[in-house]
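Reading through the structure tokens given below for one structure.
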Amino acid sequence: MDLTPRPAGNFRFRGGVTAMAAAAVAGARRRAAAFLLSSAIRHQSSQSTSLQQGLVAKTSLTSPPWPEVKLPDPVEEAKYHAEVVQKVNKMIATGQYGRLFAVVHFASKQWKITGEDLIMMDNVLEAECGDRIRMEKVLLVGADDFTLIGRPLLGKDLVRVEATVIEKTESWPKINMRFWKRHNYQRKKIVVNPQTVLRINTIEIFPCLS
């Protein structure tokens, strides 16, 4: 084997090391050219998207699955609201609305009532039998052709619901039994709840809707 030193440019081994180095250099050049080309394409695409931001490809995620809701014109909506309010006030003033019904909040519950209804509640009222009371928490009042819904309550000057205390009594006794076998344990409790019966006298509505 010849171990004579040679210049770096002419250094060779057996098997064609120079050809392999040339192939590696050519591959590196091709990779560099491909990288420059891809970066140029990305830069051009970013410029085109920045110029055309309003153009978005339509896919299943560009718009919601429900149909688009178009809001009404505020001027037309205000005009329609004024017409409806005027019509309802006219019907109330002339009394052409038929039988009224209401939903009131009383004794921690909501009751749907109409004239001459009887309601029984498991509660104690300070009023005595025969006293007339007013239900001030009115959530809704309706007739044949219109319904007024409070947010959450209707005004006291718009609707008036009155009732009379008919009876104050107690419920049927309920027995609460607790038993533990083989332990000589047995407890019995009788539960009786106070009850009040009301009769709805009147449901009045006034033409002051705004």
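Quick notes on this one:
- Using a probe of 1.4 Å, the accessible surface attributed to H183 totals some 110 Å² when neighbouring protein chains are kept in position.
- Taking amide hydrogens as placed 1.01 Å from N in the peptide plane, the amide H of K137 sits under 5 Å from those of H105, each at least 5 positions away in sequence or on another chain.
- Positive end of the dipole of the range 164-210 (Cβ unit charges, origin at the Cα centre): among L209, V192, V165, the Cα lying farthest that way belongs to V192.
- What the range 80-140 shows is 67 Å² of accessible area per residue, with the surface traced by a 1.4 Å probe over protein heavy atoms.
- Rg and Dmax, both from the Cα atoms of the range 66-105 and both in Å, are 15.7, 44.
The values are calculated or read from the model by the stated rules, or taken from the named source; none is laboratory data. Source: prediction; values computed, not measured. Cβ coordinates were reconstructed from backbone atoms using ideal geometry, including for glycine residues, and neighbour counts include every protein chain displayed. Accessible surface areas use protein heavy atoms only, side chains included; no ligands, DNA or RNA. Shrake-Rupley method; radii C 1.70, N 1.55, O 1.52, S 1.80 Å.
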